[in-house]
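See below for the structure under consideration.
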Amino acid sequence: MSKLLDLKLDAQEPNGINLLPRAFFRGLTSLKSLYLTNNHIIGFGADTFDDLKSLDFLTLDNSCVGIAQLKPGIFKNLRKLKILSVENMGIKSFSKEVFGNLTGLKQLHLNRNALMSLSISLLDNLTYVDMRSCPLSCGCRNSELQNWTISSKRLQFSYLFNTTCQDHPGSFFQNFDTNVCYVDIALYLFSSTFTFTILLVLIPLLYVRLYWKFKYGYYVFRSWFGEQWHRLRDQEEKYKYDAFVSYNSADEDWVMEQLLLNLEGSSFRLCLHHRDFELGRDIVDNIVAVKYGSRKTICVVSQSFLRSEWC
């Protein structure tokens, strides 16, 4: 029957077709329309429709028992198919492996199936979709489908504005909120983990290479901040010393015999660490305290001073 154009096998007596033998449609290369509605076919083989390369209309409405798991590649040779009706087939997913080769499809009837989502990548050429009575989810996995059904100029989505959300009673599919769906969680996770990894690498490296510079910077900042705070707190505070003298012990003779003699002899009061630091107090705290209590700081910058860590 290689020239047969139409084949109708709807509701075969007495209980409908239960099994399609392997290669049952072999040789029907000219067939244009095939009707298999209202049967009880247990399963379709992956090669059931392989010879129907000229088919442009196929209806399988009410022809399965329970939830249908269509095998990948079942429609692989139906590139000329324009109308596919698979109503009430128990279909749960619309995958590329099953439906990806239907490149010429124009009309798709999916009414009364178990579909909760639908990928728009498989629907590029469609002009009509019927998904009434499918439990469509009003969640992020259908955000693209919502936008596509509303914005597409050539697509007719049957009863779109009456389609409700099964997981949000009282809401409608055409206007559920999709704003939250455009937050790229993967990007945020990548950015945070990448930053954390970089810090784990850099912190030990910086600690080894720049420890003393960071420590020096910390005390400089601490001194500056304390000074600013001190000025804001009490602009009229009287200083205890006119100047704090920072010098290396190698230059102590010059400080005592020249500097101290000339400045304190001229009615200035200097702060010297060996004479004026508070006993028992941490040296850094002593330095900070006398700097706050001195109008100026005098540094005796010599070769010994420059070589000294403390100076």
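The values are calculated or read from the model by the stated rules, or taken from the named source; none is laboratory data. This is a predicted model, so every value here is computed, not measured. Here the Cβ is made from the backbone with ideal geometry for all residues, glycine too, and neighbour counts use every protein chain on show. We work out accessible area using only protein heavy atoms, side chains counted, and drop any ligands, DNA or RNA first. Shrake-Rupley method; radii C 1.70, N 1.55, O 1.52, S 1.80 Å.
Evaluating Thr48 against the criteria (1) in contact with a Ser or Thr (Cβ under 7 Å, 6 or more places away or on another chain); (2) crowded, with 18+ Cβ neighbours inside 10 Å; (3) β-branched (Val, Ile, Thr) leaves one unmet condition, (1).
Number of residues in the stretch 1-30 that are open to solvent by 50 Å² or more (accessible area, probe 1.4 Å) and not in a loop (DSSP other than H, G, I, E, B) equals 2. Contact map, the stretch 131-145: residues that are in contact (Cβ under 8 Å) with a residue 12 or more places away in the chain paired with residues that are among the aliphatic types (A, V, I, L, M) and open to solvent by 20 Å² or more (accessible area, probe 1.4 Å), Cβ distance under 6 Å, separation 6+ or inter-chain. Pairs shown: Pro135/Met116; Ser137/Met116; Glu144/Ile120; Leu145/Ile120. The number of residues in the stretch 31-45 being of a type in the set (A, V, I, L, M, F, W, C) and open to solvent by 40 Å² or more (accessible area, probe 1.4 Å) comes to 1.
At least 3 residues being hydrophobic (A, V, I, L, M, F, W, C) and open to solvent by less than 100 Å² (accessible area, probe 1.4 Å) is the threshold, and among the helices (runs of 4 or more DSSP H) wholly inside the stretch 224-311 those reaching it are 283-292.
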